[in-house]
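Accompanying notes for the structure given below.
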Amino acid sequence: RGKNSYHDEL
Amino acid sequence: MNAFRLVGDLCHLAAIVLLLLKIWKSRSVAGLSGKSQILFGLVFVTRYLDLVTNFVSPYNTIMKVFFLSSSIATVYLIYTKFKATYDGNHDTFRMEFLLIPCALLAIVVNHEFSPMEILWTFSIYLEAVAILPQLFMISKTGEAETITSHYLFALGSYRGLYIMNWLYRYYYENNFDVIAVVAGIVQTVLYCDFFYLYITKVLQGKKLQLPA
C-alpha cells in the first residue's frame with residue numbers, strides 16, 4: 001500500500 | 001481500534017442498512033439521489049482496491065466487502081428494479097462538478113504519486129462531497145421521508161465520529177493523516193445544516209420539511 005497512515009481504516 | 005471508530009463504523013453500517021430498508025419496505029427509491037449513490041459506489045471501488053493487495057483483519061475485509069456490495073446493489077436498485085419510482089427530475093446535480101475537481105486535487109495533493117495512492121486520495125475527496133446531490137435534491141423538493149432522514153443522520157454521524165477517532169489516534173498512537181482529516185472535517189460540516197433540521201424536526205416526531 002501507499003503512504004497514507006490510515007490504511008487500516010474504512 | 002478505539003470506541004469512536006467502532007461506533008463510527010457501526011453508524012456507517014446502520015446508514016446503509018437504513019437505506020436498503022427504505023427501498024425494500026416502501027418498494028420505492030423516491031427521494032433518493034441516484035447520483036449520490038453512484039458517487040458513493042465509486043468511493044468504495046476506488047478506496048477498497050487494497051482488498052486484493054493488503055490484508056488488515058477479518059473485520060476490515062468483511063466491512064469492505066459489505067460496503068462495496070451494498071453500494072453497488074443500491075445503484076442497481078435505483079436504476080433498474082425501482083427505476084419507475086426514481087425521481088430523476090429532481091436529481092439534477094451535475095456529477096462532473098464533483099468528479100473533475102476531486103480527480104485533479106487527488107493528482108496534485110497526495111501522499112505518493114502512485115496509482116493506488118492517487119485512487120485512495122480521490123476516494124477520500126469524493127466521499128467528502130458525494131452527499132451533495134442528495135442534499136441538493138432535498139432542497140429542491142423541500143422534504144425528506146423520515147427513514148431517509150435517519151439514513152442521512154447515521155451517515156453524517158459516521159464521519160463526525162471518525163474525527164474523534166483521529167484525535168484519539170493523534171494523541172495515543174502518534175498517527176495523523178492530514179488528507180483524511182481535512183476531507184473528513186469538510187464532509188462533516190456539509191451535514192451541519194441537516195443535523196440542525198434533524199434534531200429540531202425529525203426527533204420531535206415531525207417530517208423533515210424545509211421552510212417554504
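Coordinate-derived values only; no laboratory data. This is a predicted model, so every value here is computed, not measured. Please note: Cβ atoms are built from the backbone with ideal geometry, for glycine as well, and neighbour counts cover all protein chains shown.
For chain B, the relative contact order comes to 31 percent (Cα pairs under 8 Å, sequence separation of at least 6).
When a/c is below 1.5 the answer is rounded, else prolate if a/b is larger than b/c, else oblate, so apply that to the stretch B:1-108 with a ≥ b ≥ c taken from the square roots of the Cα gyration tensor eigenvalues. Oblate.
Derived scalar couplings between HN and Hα for the stretch B:77-88 equal 4, 5, 9, 10, 4, 10, 3, 4, 9, 6, 8, x Hz in order, rounded to whole Hz, by the Karplus curve 6.51 cos²θ - 1.76 cosθ + 1.60 (θ = phi - 60°), x for Gly and Pro. Shown is the FRET efficiency for B:Ile185 and B:Ile62, computed with R0 = 22 Å from the Cβ-Cβ distance and rounded to the nearest 0.05: 0.20. With R₀ fixed at 25 Å, the C-beta to C-beta distance from B:Ile100 to A:Lys3 puts the FRET efficiency at about 0.50.
Under the classification rounded if a/c is under 1.5, otherwise prolate if a/b is larger than b/c and oblate if not, where does the stretch B:117-180 fall, given a ≥ b ≥ c as square roots of the Cα gyration tensor eigenvalues? Here the stretch B:117-180 falls in the oblate category. Mean separation of Cα pairs under 8 Å and 6 or more residues apart, divided by the residue count, gives the stretch B:117-212 a relative contact order of 44 percent. For the stretch B:109-212, the list of chymotrypsin sites (Phe, Trp or Tyr not before Pro) that fall in a loop by DSSP and count at most 15 other C-beta atoms within 10 angstrom reads B:Phe113, B:Phe176.
Counting 0.36 nm for each residue step from B:Lys140 to B:Val17 and taking away their Cα separation leaves a gain of 41.8 nm.
Annotation note: trypsin sites (Lys or Arg not before Pro) in the stretch B:58-113 located in DSSP loop regions with a Cβ neighbour count of at most 13 within 10 Å are B:Arg94. Within chain B, the selection of entire DSSP H helices by a Cα span of 30 Å or greater along the long axis and an average Kyte-Doolittle value of at least -0.5 returns B:3-26, B:146-172. Charge dipole (Cα centre; +1 on Lys/Arg Cβ, -1 on Asp/Glu Cβ; no other charges) of chain B amounts to roughly 760 debye. Starting from the Cα gyration tensor of the stretch B:86-212, take the square roots of the eigenvalues, sort them a ≥ b ≥ c, and report rounded, prolate or oblate (rounded when a/c is under 1.5, otherwise prolate if a/b is larger than b/c, else oblate). Oblate.
Of the residues B:Glu145, B:Glu127, B:Glu112, the one that moves most in a GNM of chain B with alpha-carbon contacts below 10 Å is B:Glu112.
Spin-label pair B:Phe55-B:Tyr171: with each label point 7 Å from Cα along the Cα-Cβ axis, the two points sit 3.5 nm from one another. Helical content alone sets the calculated 222 nm signal of chain B at -22500 deg cm²/dmol, taking -39,500 (n - 2.57) per DSSP H segment of four or more residues and averaging over every residue.
Stokes-Einstein diffusion for the stretch B:71-128 at 20 °C, viscosity 1.002 mPa s, with a Kirkwood radius from C-alpha pairs, works out to 161 µm²/s. Pairs of lysines in the stretch B:63-212 whose Cα atoms sit within less than 23 Å of one another amount to 4, provided the residues are eight or more positions apart or on different chains.
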